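Visitor: Take a look at this one; I'll ask things after.
Please treat every number below as a calculation from the coordinates, not as lab data. Because the structure is predicted, anything quoted here is derived from the model rather than measured. Cβ sites come from the backbone with ideal geometry, for glycine too, and all protein chains shown count toward neighbours.
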């Protein structure tokens, strides 16, 4: 049960002063809270024996008030320190999770669904932070506070009465421990179901246009209702066990009261106990109700916190497939070399790149074409270091990829992917994502190179227009050109366009290609495309098929070769003649 504290020992070491102060003051406050019942019992005995005076009344009242005030002040301080520590834990783990999400490679996101990751970053973190705050409090209350109450009852009043009255407590502890193990298993299942529901909701929101276009709203609603019902049932199974904790505590406490009153009456009749002492004992017993209940709450919180921490830790312990190197070699050139490179995705059953050899000089342009699934994007992903390097060797200039860090490589690259990701900010902010310190003139230059000037004039707020989530307010072509401007403002040594002009018309494509040729003279460019018009100017073009290079050369050489490239080049003209 207390494994969660062992797993969090790194945190308690960091904040040991704060937790030491909190626990020490909590214990002192606990001791002070034990005094008023004893004072009240003494006052009752003085009244029943007829020795009470006005002076002693004020002394008793003053003592109780002083104890209450000191207890209140101490409680404020220890709660602030204790629950402040819990908030600090939440902050630390949230930062670590975010850092982990940002540095993970595509393989991680293939194995973990977004909805489940969100559940770990929200519900699970809340459960863990609850353990570091409320869990510590219930631990002290169910042990130290309960211990002081038992000492006060046994020493100040009667050890016999205390011994008999506490008979139900061990039975309660056994039952609560058993239920705690069930809570752990059921809570993990419930959290996993919540993660699945999160993922389904994300998919539905992201694909709402497709759902509406195919009139699948009712089906989607039914699936959501079914998944919600599943989450509801699994959480209710947790709630069912949680609901058993309080009745067990109440029944046990009631039995303690019955024993205390019955046996207490016997001790009074035998002259072994006074009325005031019995009153004090019943007050102590009332105070013991919370520590008894806290035992159940402690086990409940510990088991849920442990289950959640295991889920969070599993994410934090995941090792990135691409190891981050601390390469100190400086990259001064942008020429690229693939030397007999082969690569296979972790989940693939065949080689996705086979014995690829390409030599691209600094300042040259490489065109990559081929049918869908030929390996164009896979080729580019090798340069982005998204997956572990396969067989063969990749160099930039004359430096092996193995000798440089991923950050160094990506600093040289401006990348425009197939799937254009725009943030829910203005167009200006999306472009500046490429380089935050860019001047106004550089922004205007990037927009001109991406041929986006005429579009800005038609937008409601120009460059300050909010694009909405994932650029929902822009067309596909506009998204692509904003992404291109974002890459160009970085002024990268290597520009990679991965089918980045598929949504623009031929005239706009030609204009952008011309701008890139003119403005990026002397810099390396790689263009992957389905349109041959986008790579006709390239210094070298490679044709990929099933991960192999089946043709290579300039545009003129490939047309003269009469292979796949010439077939694709002739097709539009043949279709035009046929029409």
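Visitor: Taking the Cα-to-Cβ direction at residue 362 and at residue 454 and moving 7 Å from each Cα, how far apart do the two end points lie in nm?
Guide: Computed distance between label sites residue 362 and residue 454 equals 3.8 nm.
Visitor: Ranking 357, 88 by Cβ neighbours within 10 Å, fewest first, what do you get? The partial results should precede the final answer.
Guide: Details: 357 14, 88 17.
So the ranking, lowest neighbour count to highest, is 357, 88.
Visitor: Classify segment 376-467 as rounded, prolate or oblate from the Cα gyration tensor: take a ≥ b ≥ c as the square roots of its eigenvalues, call it rounded if a/c is under 1.5, otherwise prolate when a/b beats b/c and oblate if not. Present the calculation step by step, with values, prior to reporting the outcome.
Guide: Numbers: a/c = 2.94, a/b = 2.35, b/c = 1.25.
Prolate, since a/c reaches 1.5 and a/b exceeds b/c.
Visitor: For the peptides 190-201, 252-263, what is the packing order when you average, over each peptide's residues, the other Cβ atoms within 10 Å and list the highest mean first? List each step's numbers first, then the result.
Guide: Details: 190-201: 19.9, 252-263: 16.9.
Highest to lowest by the protection proxy: 190-201, 252-263.
Visitor: If you don't mind, another one. What is the antiparallel percent of DSSP beta bridges lying wholly in segment 441-567, to the nearest 5? Could the numbers behind the result be given before it?
Guide: Working: 5 of 10 bridges.
If we restrict to bridges inside segment 441-567, about 50 percent are antiparallel.
Visitor: Rounded to the nearest 5, what % of DSSP beta bridges with both residues in segment 336-578 are antiparallel? Walk me through the numbers on the way to the answer.
Guide: Values: 18 of 36 bridges.
Restricted to segment 336-578, the bridges split so that about 50 percent are antiparallel.
Visitor: Now a separate question. Each label point is 7 Å from the Cα along the Cα-to-Cβ direction; what then is the distance between the points at residue 202 and residue 99, in nm?
Guide: Each label point lies 7 Å from its Cα, and together they span 2.2 nm.
Visitor: Rounding to the nearest 10 and keeping the result within 0 to 90°, find how far the Cα-based axis of helix 16-49 lies from the longest principal axis of the chain.
Guide: Helix 16-49 and the main axis of the chain meet at about 20 degrees.
Visitor: Identify the residues of segment 268-308 with backbone N under 20 Å of a label point that sits 7 angstrom from the Cα of residue 181 along the Cα-to-Cβ direction, or state none.
Guide: It comes to 295-308, nothing else.
Visitor: Arrange the peptides 36-42, 292-298, 407-413 so that the one whose residues have, on average, the most other Cβ atoms within 10 Å appears first.
Guide: Values: 36-42: 19.7, 292-298: 24.0, 407-413: 16.7.
Answer by packing, highest mean first, reads 292-298, 36-42, 407-413.
Visitor: May I pose another question? Nearest 5 percent is fine: what portion of the DSSP beta bridges confined to the chain is antiparallel?
Guide: On the way: 18 of 36 bridges.
Approximately 50 percent, going by the DSSP bridge assignments.
Visitor: Restricting to Cα pairs below 8 Å that are 6+ residues apart, what does the relative contact order work out to for segment 336-578? Please round to a whole percent. Don't skip to the end; give the middle numbers.
Guide: Numbers: 418 pairs, mean separation 65.6, N = 243.
It rounds to 27 percent for segment 336-578.
Visitor: Can you grab the distance from the C-alpha centre of segment 231-260 to the C-alpha centre of segment 535-553, Å, no decimals?
Guide: A separation of 71 Å, based on Cα centres.
Visitor: How high is the relative contact order of the chain, in percent, with contacts defined as C-alpha pairs under 8 Å that are six or more residues apart? Don't skip to the answer; put the middle values down first.
Guide: On the way: 810 pairs, mean separation 84.8, N = 579.
About 15 percent, as a whole number.
Visitor: Here is a further query. In degrees between 0 and 90, to the nearest 10, how far off the longest principal axis of the chain does helix 506-519 point, with axes built from Cα atoms?
Guide: So the helix axis and the longest Cα principal axis differ by about 90 degrees.
Visitor: Can you compute the helix-only [θ] at 222 nm over the chain? Use -39500 (n - 2.57) per DSSP H run of at least 4 residues, normalise by all residues, nearest 500 deg cm²/dmol.
Guide: Details: 23 runs with 358 residues, N = 579.
Taken over the chain, the calculation gives -20500 deg cm²/dmol.
Visitor: Ranked highest first by average number of other Cβ atoms within 10 Å, how do 281-288, 495-502, 459-466 line up?
Guide: Working: 281-288: 19.8, 495-502: 22.8, 459-466: 13.9.
Put in order of decreasing packing, that is 495-502, 281-288, 459-466.
Visitor: Now, a different point. Could you tell me the center-to-center distance, by alpha carbons, between segment 19-75 and segment 167-221 in angstrom?
Guide: 47 Å
Visitor: Tell me, what is a quarter of the convex hull surface for the C-alpha atoms of segment 49-157, in nm² with one decimal? Present the calculation step by step, with values, prior to reporting the outcome.
Guide: Numbers: hull surface 42.4 nm².
Value for segment 49-157: 10.6 nm².
Visitor: Along the principal axes of its C-alpha atoms, what lengths does segment 1-87 span, in descending order and rounded to whole Å?
Guide: 59, 25, 15
Visitor: Still on this structure, please answer the following. Based on the Kirkwood radius over alpha-carbon pairs, what value in µm²/s does the Stokes-Einstein equation return for the translational diffusion coefficient of segment 336-578 at 25 °C and 0.890 mPa s?
Guide: Numbers: Rh = 18.8 Å.
Result for D is 131 µm²/s.
Visitor: Compute the acute angle (0 to 90°) between the alpha-carbon long axis of helix 440-449 and the principal axis of greatest extent of the alpha-carbon atoms of the chain; round to the nearest 10°.
Guide: Between the helix axis and the principal axis of the chain, the angle is about 50 degrees.
Visitor: Just need the relative contact order of segment 431-503 here, percent rounded to a whole number, with Cα pairs under 8 Å and 6+ apart. Don't skip to the end; give the middle numbers.
Guide: Numbers: 59 pairs, mean separation 33.4, N = 73.
Rounded, it is 46 percent for segment 431-503.
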